[in-house]
Every structure is written in C-alpha cells, then in structure tokens.
Amino acid sequence: MSASTPGYVPLPGAGAVDSREARGRDVADCTYSGAPVNDVQKGLPKTLHSLCPECMRVIEARLFDEGGRVMMEKTCPEHGHFRDLYWADTELYLKAEKWTFADGNGLLNPRVWNATACPSQCGLCNRHTSHTGLGNIDLTNRCDLTCPICFANSNVSGYVYEPSYEEVVEMLKTFRSEQPVAGRVIQFSGGEPTLHPRFFDILRAARRLGFSHIQVASNGINLSDPKFAEECGKAGLHTVYLQFDGLSDDVYTKTRGRPLWAIKQKAIESIRRSGVKIVFVPTIVKGFNDQEVGRILRYALENIDVVSGISYQPVVFTGRISLKEREEKRFTLTDMAWAVETQTGLAKARRDWYPTGFITPFTRLVAAVRGEETIQLTCHPHCSLATYLFVSSDGKEAVAAPEFLDVEGMVLDLEKLARSVSRSRFRAFARVKAFNSIRRHFREDKAPKGLTFPVFLNTLQGLMDKRVGRGRGAAPSTYKTLLVAGMHFMDAYNYDVDRVRRCVVHYAAPNGRLYPFCTYNSGPTFRDMVEKRYCVPLDEWKGTTERGGPSVAFG
C-alpha cells in the first residue's frame with residue numbers, strides 16, 4: 001500500500017513515526033532462525049490474512065475506514081461474506097500504528113522449525129517474532145462457576161483437564177528455557193486455577209524456578225477466605241487477576257450466572273491483608289456492562305492501596321454469532337478509551353492512550369545498559385491500548401501521565417539512546433543521558449501534588465522492577481500508579497494472522513509447546529486439541545477417590 005493508492009488514509013500529523021530513520025531504531029529483518037520479518041502495515045485501507053469463521057481456512061480480509069470506524073470484511077469461497085467492526089475510532093487506530101517500534105527476533109530455540117502455515121503450525125515456530133512477555137498455564141478446566149462467557153469449562157466439555165504437579169513444573173521449565181530471553185512472568189489460569197489440589201506447591205515451584213512475577217487469574221471465591229489468601233502470599237503469589245465485571249449483583253447474574261458482589265468485596269479485603277496486589281479484569285459486553293467501565297475505575301482508585309491495575313477485556317465471540325448480535329455486543333478497545341473519558345473524565349481517549357509496545361524504548365534501554373537481553377513487549381499495536389494514572393495515596397486525585405509528561409518526545413529520545421548505547425562501550429554514560437532526557441520532558445508544574453522529579457524517577461524504576469517500593473513497610477519513595485489497559489483478544493470474525501506472529505502472551509501445554517493466546521483460545525483453538533489429549537472423562541474423574549477429594553490443602 002502506498003500513498004498514491006486510491007482511498008489511502010495516511011498517518012496523521014507532520015513528522016509521523018512512519019520511517020525507519022524517524023523511529024531511530026534497528027530493524028529486525030528476520031527472526032533468529034532466519035524467517036523474514038515484515039514491518040506492520042500502516043494506513044487504510046489494507047489487505048491482511050484472516051480466517052473464515054466457519055471453516056477456519058486462511059482467507060484475505062480488507063480493513064477500511066467507514067464513517068470514522070475501522071471495519072473488516074472478507075469472503076470465504078465456501079461460506080460467503082463476513083463483515084465486522086474492528087475498531088470504533090479510526091483516528092485512534094492510526095495513532096496505535098504510528099507508535100510501533102521494531103519487532104523482536106523470536107526465539108533461538110523455537111519448538112517448531114520450518115513452519116510454512118500460520119496460525120496452524122504453532123509451537124512457538126521459527127516465524128514467531130516475539131518471545132514470551134506473559135506465560136500462561138491452565139491448571140484445570142474445573143470451575144466453581146458456570147460463566148456463559150468463558151473459554152474453558154469442564155461442565156460444558158464433559159471432561160476434566162488438570163495437569164499433574166510434575167507436568168506443571170515441566171511447563172514452567174519450558175518458559176524458563178526460552179532463549180535468548182527466559183520467561184519471567186507467569187500466570188496460572190483455568191477454569192479456576194485455585195481448585196488444583198497442589199496449587200500452593202505450584203506457586204512455590206514457580207518461585208523456586210526463578211519467575212520474577214507470579215500471577216493467578218481467579219474468580220475470587222477461594223481467595224475470599226483470608227487464610228487461603230494469606231497462604232498464597234506466603235507461597236510466592238504477587239498479583240491476583242481478579243475477575244471483576246462490575247459493582248452489582250445484577251451485572252454478575254448476567255455475566256457469571258449468579259450474584260457475586262459480596263464475594264468480590266470479601267476477596268479484595270482478604271487479598272489486601274495478605275500483601276498481594278490485585279488487577280481487576282472486567283469482561284466487557286456492549287449492552288450488558290459497558291456502563292460499568294467508569295465505576296470499576298473509580299472503585300480501583302478507592303482501593304489504590306491494593307489495586308495496581310485494570311485490564312479491560314472486550315468480549316470474544318466463540319461459535320457462530322449473527323451479524324446483528326455482534327453489532328449489538330461488540331465492544332472494541334477504542335470504545336473502552338472513550339468510555340473511560342466520558343464516564344470519568346480522567347483520561348482523554350485520543351491523547352492519553354497508547355499500544356503496549358509504546359514502552360519498548362524503556363526496556364530496550366535497560367537491556368542496552370545491562371548488556372543483556374530482557375523482556376520486550378513487541379506485540380502488534382492493535383492488540384492493546386493502555387495509559388498510566390498517577391494517583392494520590394487517598395485515591396482522590398488521579399492524573400494521566402501525558403498530562404504532565406511529553407511521553408512521545410521522551411520515548412523517541414530513549415529509543416535513540418538505546419540504539420546508540422547498544423553500539424557503545426561506554427554504557428555508564430547512558431544513565432546520565434537517560435536522566436537528562438526524562439528530566440527534559442517532565443513538567444513538574446502540571447504533575448499531581450507530591451510527584452517531584454526524584455519521586456517520578458523512582459516510580460519509573462518501580463514499574464520496571466517490582467521489588468522497588470513493594471511490600472509492607474516499603475519506603476514511601478514511589479508514587480501510586482494505576483495501569484488502565486485493554487487487551488482485545490481475537491475471535492474468528494476479527495482475526496488478523498499478523499497479530500498472532502507478534503503475540504507475547506503464550507500458553508504452555510504438557511506436549512512441550514507454547515501457543516499464542518489467540519491460537520490457543522480462538523481460530524485453530526489448540527486448547528481443544530491439548531485438553532482432549534490430556535483429559536479424563538468427567539464421569540470417570542468424579543468416580544476417583546484421589547481426584548474427588550479436597551481441592552486444596554493448606555501446606
């Protein structure tokens with residue numbers, strides 16, 4: 001696609017970050033194993049590879065602007081035409097593309113070599129450009145809820161998938177063995193992962209194997225027990241990704257099938273006492289609970305002592321869904337950004353939100369100064385949007401970072417610095433240059449009360465290193481922050497194969513392979529293949545004394 005193509009929508013603004021020179025970055029021309037890496041396509045309209053929602057074959061799709069919204073349409077030769085809303089704000093879509101930095105080089109030791117077909121040959125393969133940013137391990141597909149909007153549920157599937165402790169340890173080792181960057185952040189998911197009979201032993205194993213950050217995605221039922229939450233903290237848990245769809249039983253009855261608001265409140269209090277942090281994870285469905293976006297954010301601010309972030313997750317459609325129903329329920333990342341602005345006024349939709357990869361210059365500079373590889377979130381710019389709020393200790397004042405910081409100027413400076421440092425023997429000077437660069441873009445007169453430049457620097461360090469300012473009795477040298485983000489995982493209607501190749505959220509399986517999130521849970525749906533291979537029929541599982549015993553024993 002070139003600027004002379006009819007109907008082409010160029011990137012906005014003079015001096016847009018659209019060329020390799022302007023980005024000031026080294027380009028990943030190929031993965032470590034030699035597969036070519038192509039830059040993210042920019043502008044609209046564009047043609048990409050997607051999937052037929054019926055047969056899952058790879059077909060071409062067209063993305064285009066229509067009345068300020070980004071639409072996707074595609075035609076399968078067998079199953080006909082499909083059309084869906086991709087992003088509800090074209091300007092924000094183009095902004096996300098603008099702030100894309102270099103791709104990664106994938107793995108030195110991919111599990112699948114000589115792959116030719118994406119997304120059907122996962123493992124990770126030699127064509128994948130990103131290493132693991134967040135590792136996932138499903139501990140069970142059992143759950144004490146029957147949510148209608150869940151990927152995994154033994155009550156529906158008719159079988160139990162529950163890897164043994166030994167299998168889970170091997171999956172943890174798979175992440176740790178990635179080269180050149182070992183997996184460092186792990187999340188246990190499910191089903192309800194706290195139901196695994198050796199849950200605490202698994203937490204201890206992750207800590208022993210060297211994971212720097214350990215999370216669990218939970219509905220909070222077990223964690224509402226103070227003793228259980230305390231044991232989690234002792235075993236090494238850092239963060240609970242708490243299913244949190246709203247602030248009323250009416251919401252949970254619709255999204256989770258039963259009233260849960262009292263349980264959520266008890267879980268928050270138990271987790272607070274344990275010293276573990278919380279990230280709220282709301283699944284947002286248009287017309288169901290999109291009016292809760294602002295209330296969830298306000299509640300997070302009220303509990304800023306224990307809540308460190310929100311990860312809004314627009315609903316993903318599985319199975320056959322009519323166009324009418326998708327139009328009624330589809331909620332995109334840009335809908336989220338606008339909902340935050342209109343419902344709270346705390347972050348401007350088009351000013352304050354950036355893709356996750358926007359922070360890549362920070363991590364690249366850290367790696368260059370240390371002289372070693374570190375985690376790079378080189379995911380596709382249309383996978384996520386995020387902003388940081390700097391929050392007073394009482395939660396009453398919250399200011400988005402772009403309000404007092406020229407974030408765009410700062411990341412461009414840091415990207416150029418990282419590039420120069422990686423080629424220099426005098427890395428010690430990089431700290432001084434980075435300090436001066438950040439100081440130049442910091443506007444203390446617009447910062448929230450108490451956020452001086454030294455405190456801001458320490459807070460940045462805390463965002464990069466969870467040990468800084470963490471734990472009971474930590475020195476008050478950092479400022480409270482709230483990461484407000486949205487991650488829109490794909491379904492077969494809005495699938496973009498190019499996003500899969502850049503995915504940084506990976507699932508481990510007992511077969512020794514790693515799968516990008518959107519091939520594990522949608523599209524090819526490797527989850528089904530993995531679980532059926534390593535499952536026990538539900539009736540058989542219920543009949544065994546060993547598995548039918550207590551779910552978790554306190555250790």
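The values are calculated or read from the model by the stated rules, or taken from the named source; none is laboratory data. Source: prediction; values computed, not measured. Please note: Cβ atoms are built from the backbone with ideal geometry, for glycine as well, and neighbour counts cover all protein chains shown.
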Might you check whether a residue that is within 26 Å of Thr481 (Cα to Cα) and assigned to a loop (DSSP other than H, G, I, E, B) occurs anywhere in the stretch 262-281? yes
Taking the stretch 383-401 and keeping only residues that are more than 19 Å from Val455 (Cβ to Cβ) and surrounded by fewer than 21 Cβ atoms within 10 Å (Cβ to Cβ), one is left with none
Working only within the stretch 311-355, note down all residues that are among the β-branched types (Val, Ile, Thr), out of contact with any helix residue (DSSP H, G or I) (no Cβ under 7 Å at 6 or more places or on another chain) and surrounded by fewer than 21 Cβ atoms within 10 Å (Cβ to Cβ). Val316, Thr318, Ile321, Thr342
Given the conditions (1) surrounded by fewer than 21 Cβ atoms within 10 Å (Cβ to Cβ); (2) assigned to a loop (DSSP other than H, G, I, E, B); (3) touching an Asp or Glu at 6+ places or on another chain (Cβ under 7 Å); (4) not basic (Lys, Arg), which single one is not true for Leu107? (1)
In the stretch 498-533, which residues are within 23 Å of Glu166 (Cβ to Cβ) and of a type in the set (Gly, Ala, Ser)? Ala508, Ala509, Gly512
Can you pull out the residues in the stretch 402-421 that are surrounded by fewer than 19 Cβ atoms within 10 Å (Cβ to Cβ) and among the small types (Gly, Ala, Ser)? Gly409, Ser420
Report yes if some residue within the stretch 242-258 is assigned to a loop (DSSP other than H, G, I, E, B), of a type in the set (A, V, I, L, M, F, W, C) and over 28 Å from Gly462 (Cβ atoms); otherwise report no. yes
Name the residue that is surrounded by the most Cβ atoms within 10 Å (Cβ to Cβ), counting only residues in the stretch 48-62 that are out of contact with any Asp or Glu (no Cβ under 8 Å at 6 or more places or on another chain) and not in a loop (DSSP other than H, G, I, E, B). Leu51
How about the stretch 367-391: which of its residues are modelled with pLDDT of 80 or more and aliphatic (A, V, I, L, M)? Ile375, Leu377, Leu385, Ala386, Leu389, Val391
Please work out if Glu415 is more than 30 Å from Met71 (Cβ to Cβ), in contact (Cβ under 8 Å) with a residue 40 or more places away in the chain, touching a helix residue (DSSP H, G or I) at 6+ places or on another chain (Cβ under 7 Å) and part of a helix (DSSP H, G or I). yes
Sole residue being farther than 30 Å from Glu73 by Cβ, without any contact (Cβ under 8 Å) to a residue 12 or more places away in the chain and either of a type in the set (Asp, Glu) or assigned to a loop (DSSP other than H, G, I, E, B) (or both), chosen from Glu372, Glu325, Glu341: Glu372
Can you tell me which of Leu195, Leu145, Leu209, Leu203 is surrounded by fewer than 23 Cβ atoms within 10 Å (Cβ to Cβ) and touching a Leu at 6+ places or on another chain (Cβ under 7 Å)? Leu209
Residues that are at pLDDT 90 or above, among the β-branched types (Val, Ile, Thr) and part of a loop (DSSP other than H, G, I, E, B), drawn from the stretch 510-547: Thr525
